[in-house]
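One structure below.
Coordinate-derived values only; no laboratory data. Remember, predicted model here, so these are calculated numbers, not experimental data. Backbone-built Cβ (ideal geometry, glycine too); neighbour counts: all protein chains shown.
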Amino acid sequence: MNYFSKIVYNETLWVSLLAWVLAQAAKIILNFLLEKKWDFRLLVSSGGFPSSHTAIVSALSISIGKTQGWDSALFAISVVLAVIVMYDAAGVRRAAGNHARVINYLVEWTRQLQADRLAGNLQQERLKELIGHTPFEVFGGAFLGCAIGLLF
């Protein structure tokens, strides 16, 4: 069997990607229910409920546990990876989003001052503020990913 067909038939890979797609689709549906408008840009955006990063690594871990054994080294590696991704989603990336919010405020404030030469020449684009997750969003992604991993 060649490498391409091995990838095509890798069930663990497809289960993990399915969890990511369903998490991203859930964001679109939830946004429609709350905002009454479709926003398909959410399909490729970060942040929001549920965390697709968490969903994909959770499904990966569960799938590896089911296929390779709950006591396998691969399962242990995938769990450690999942913990790192979840910590990053709720910690580091959330903090970066908070920093972006402050930077955007300072840039706008500087533009409004118009008191010095820098304000007139400032060409800073707005930084994306929603790049991290709340613990609830991470939990939602973990729940979705584990459910998909167990079902498939």
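Numbers at a glance
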read-out	value
Pairwise Lys count, the chain - Cα closer than 26 Å, eight or more residues apart or different chains	6
Interchain or long-range residues, amide H under 5 Å from H133's placed H	A90, R94
Table column - 3J(HN,Hα) (Hz), region 137-150, Karplus curve with 6.51, -1.76, 1.60, x for Gly and Pro	5, 5, 4, x, x, 5, 4, 4, x, 5, 5, 5, x, 6
Dipole moment magnitude, nearest 20 debye, the chain about Cα centre, only Lys, Arg, Asp, Glu C-beta charged	280
Computed E for Y9/W38 - FRET, C-beta separation, R0 30 angstrom, nearest 0.05	0.30
C-alpha long axis of helix 73-87 to longest principal axis of the chain, angle in °	20
Among W70, W14, W109: highest mean-square fluctuation, GNM of the chain, C-alpha pairs under 10 Å	W109
³J(HN,Hα) computed for each position of region 56-69 - Karplus, 6.51 cos²θ - 1.76 cosθ + 1.60, integer Hz, glycine/proline x	5, 6, 5, 4, 4, 4, 5, 4, 5, x, 5, 8, 9, x
Protection-proxy order for peptides 72-80, 98-106, each taking the mean of Cβ atoms within 10 Å per residue, highest first	72-80, 98-106
Helical contribution to [θ] at 222 nm, DSSP H n ≥ 4, -39,500 (n - 2.57), averaged over the chain, rounded to 500	-23000 deg cm²/dmol
